[in-house]
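The values are calculated or read from the model by the stated rules, or taken from the named source; none is laboratory data. Predicted model, so just to flag it, every value in this text is computed and none were measured. All Cβ positions, glycine included, derive from the backbone under ideal geometry; neighbour counts span all protein chains shown. SASA here: full protein model, heavy atoms, side chains in, ligands and nucleic acids out. Shrake-Rupley method; radii C 1.70, N 1.55, O 1.52, S 1.80 Å.
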Amino acid sequence: MKLQQLRYIWEVSKNNLNVSATAEAIYTSQPGISKQIRILEDELGIPIFIRNGKHLVDMTPAGKKIVELAGHILMQTDNIKSIAREYCDENSGTLSIATTHTQARYALPTVIKTFMSEMADVSLDIQQGTPVQISEMVSHGAVDLAIATEAIELYDNLIMLPCYSWDRCLLVPKGHELTKLSDVTLADVSSYPLITYVFGFTGRSKLDEAFQSENLKPEVALTAVDADVIKTYVRLGLGVGIVARMAYDEEADGDLVAINAGHLFGKSITRIGIRKDTFLRSYMYEFIRLFAPHLSKEIVSKAMELKDQLLIDELVKDIQLPHF
């Protein structure tokens, strides 16, 4: 059994069982991958994949367990390399982060600017996606860190650390009827078409829960993954926007009125997700500290040792989070 064979079955599983796409992604030949998978299956004495002719169509029950274990083994080999690099040069390497548009656009720029000035020899890679997509990326070891409000808790091989809490606001054009109310209620909001985030994005679940708790069924006229897109359609008069408060810029969005909605939907918490078996290099600790100053190297290291999310939650329960 060779590490190369384990990498092939792992990569094939992540490319929808498409051997051609896998070969292209990892810069090798399709016949070479197919041959090595067959050799591995012969050695193990069981099929890993179910085939229809020359095509892989599914994984066998045993294959699913083997592929999952292969992913863990490959992660540990990467950790060995990371440990070696750490002792060679602790301030150089690559940091990959997966996050949502809202985080990348509004929460991260200042942090990234500072980090890049302090860590000039670290290459930074930022990928955007849905909360589920970015959680999958870190869960599968494709990125080092995930930053999101939703979905991270769905993956039991990740630890979650709280970064900051935030509120929402309503966005309406100047002169809108809601601006004339001294105390806006959920019933008031639900009487207008709404423009907000796609379900699963940026605390959208909190919105749905709030309306459901009041037995209200607002009309969601339009959804988007991008707060700037939401603002565009609010400007066109298509509805009331509901966005993260941090996404409103008094100068750039001066033609819109932001109405505080924290009392309507409650606070949400943005978290950083880290795979439990990740070896964190010094500059990774530094990025986490810059983004969430309360998450010192000592606290993060302790969380990585604990691994159990209930114990981690107990560790950080008394931390006063920054608020946006």
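How large is the dipole of segment 218-324 about the Cα centre if only Lys and Arg carry +1 and Asp and Glu carry -1, each at its Cβ, rounded to the nearest 20 debye?
In debye, rounded to 20, segment 218-324 gives about 420.
Does segment 44-115 classify as rounded, prolate or oblate by the C-alpha gyration tensor (a ≥ b ≥ c root eigenvalues; a/c under 1.5 gives rounded; else a/b over b/c gives prolate, otherwise oblate)?
On the way: a/c = 4.32, a/b = 1.79, b/c = 2.42.
Oblate is the answer for segment 44-115, as a/c is 1.5 or above yet b/c matches or exceeds a/b.
Counting only protein heavy atoms, what percent of the accessible surface of segment 106-245 is carbon or sulfur at a 1.4 Å probe?
About 50 percent, which is the carbon plus sulfur part of the accessible surface.
Return the sequence-ordered ³J(HN,Hα) values of segment 184-193 in whole Hz as given by the Karplus equation 6.51 cos²θ - 1.76 cosθ + 1.60 applied to θ = phi - 60°, using x for Gly and Pro.
Values, residue by residue: 6, 10, 4, 5, 4, 5, 6, 7, 10, x Hz.
Could you tell me which of the pairs Lys65/Lys267; Lys65/Lys297; Lys206/Lys317; Lys217/Lys317; Lys231/Lys302; Lys231/Lys267 are separated by over 32 angstrom between their Cα atoms in the structure shown?
Lys65/Lys267; Lys65/Lys297; Lys217/Lys317; Lys231/Lys302
Output wanted: per-residue J couplings in Hz (rounded whole) for segment 265-273, from phi through Karplus 6.51 cos²θ - 1.76 cosθ + 1.60, θ = phi - 60°, x for Gly and Pro.
10, x, 8, 10, 10, 8, 10, 10, x
Where does helix 30-44 land angle-wise versus the long Cα axis of the chain, in degrees 0 to 90, nearest 10?
Roughly 70 degrees, rounded to the nearest 10.
Using a simple charge model, +1 on the beta-carbon of Lys and Arg, -1 on the beta-carbon of Asp and Glu, nothing else, what dipole does the chain show about its Cα centre, in debye to the nearest 20?
Numbers: 32 positive and 42 negative charges, 144 e Å.
Here the chain has a charge dipole of around 700 debye.
How much length is gained on full extension from Arg51 to Ser282, taking 0.36 nm per residue of separation minus their Cα-Cα distance?
Full extension from Arg51 to Ser282 adds 78.7 nm.
Sorted by average packing, counted as other Cβ atoms within 10 angstrom per residue and highest first, what order do 92-100, 2-10 take?
Result, highest mean first: 92-100, 2-10.
Projecting each Cα onto the charge dipole of segment 85-206 (Lys/Arg +1, Asp/Glu -1 at the beta carbon, about the Cα centre), which of Ile195, Val143, Asn157 comes out farthest on the positive side?
Positive-end residue among those listed: Ile195.
Which FRET efficiency value, to the nearest 0.05, do you get for Glu43 and Lys307 by plugging their Cβ-Cβ distance into 1/(1 + (r/R0)^6) with R0 = 25 Å?
For R0 = 25 Å, the calculated efficiency reads 0.20.
Provide the packing ranking of 176-186, 29-39, 146-156, i.e. peptides ordered by the mean count of other C-beta atoms within 10 Å per residue, highest first.
Highest mean packing first, the order is 146-156, 29-39, 176-186.
When DSSP beta bridges are limited to those with both residues in the chain, what percentage is antiparallel, rounded to the nearest 5?
60
Obtain the nm distance between the two label points defined at Asp125 and Leu238 by a simple spin-label model: each point lies 7 Å from its Cα along the Cα-to-C-beta direction.
Label at Asp125, label at Leu238, 3.5 nm between them.
Treating the angle as unsigned and between 0 and 90°, give the value, to the nearest 10°, between the Cα long axis of helix 282-291 and the longest Cα principal axis of the chain.
Long axis of 282-291 versus the principal axis of the chain: about 10 degrees.
Mind ranking 161-167, 64-70 by how tightly packed they are, going by the mean number of other C-beta atoms within 10 angstrom, highest first?
Going by the mean number of other Cβ atoms within 10 Å, highest first, we get 161-167, 64-70.
Can you give me the distance in nm between label points at Glu251 and Thr94, each placed 7 Å from the Cα along the Cα-to-Cβ direction?
Result for the modelled spin labels: 3.6 nm.
Relative to the first principal axis of the alpha-carbon coordinates of the chain, what is the inclination of helix 204-213, with its axis defined by its Cα atoms, in degrees from 0 to 90 and to the nearest 10?
50
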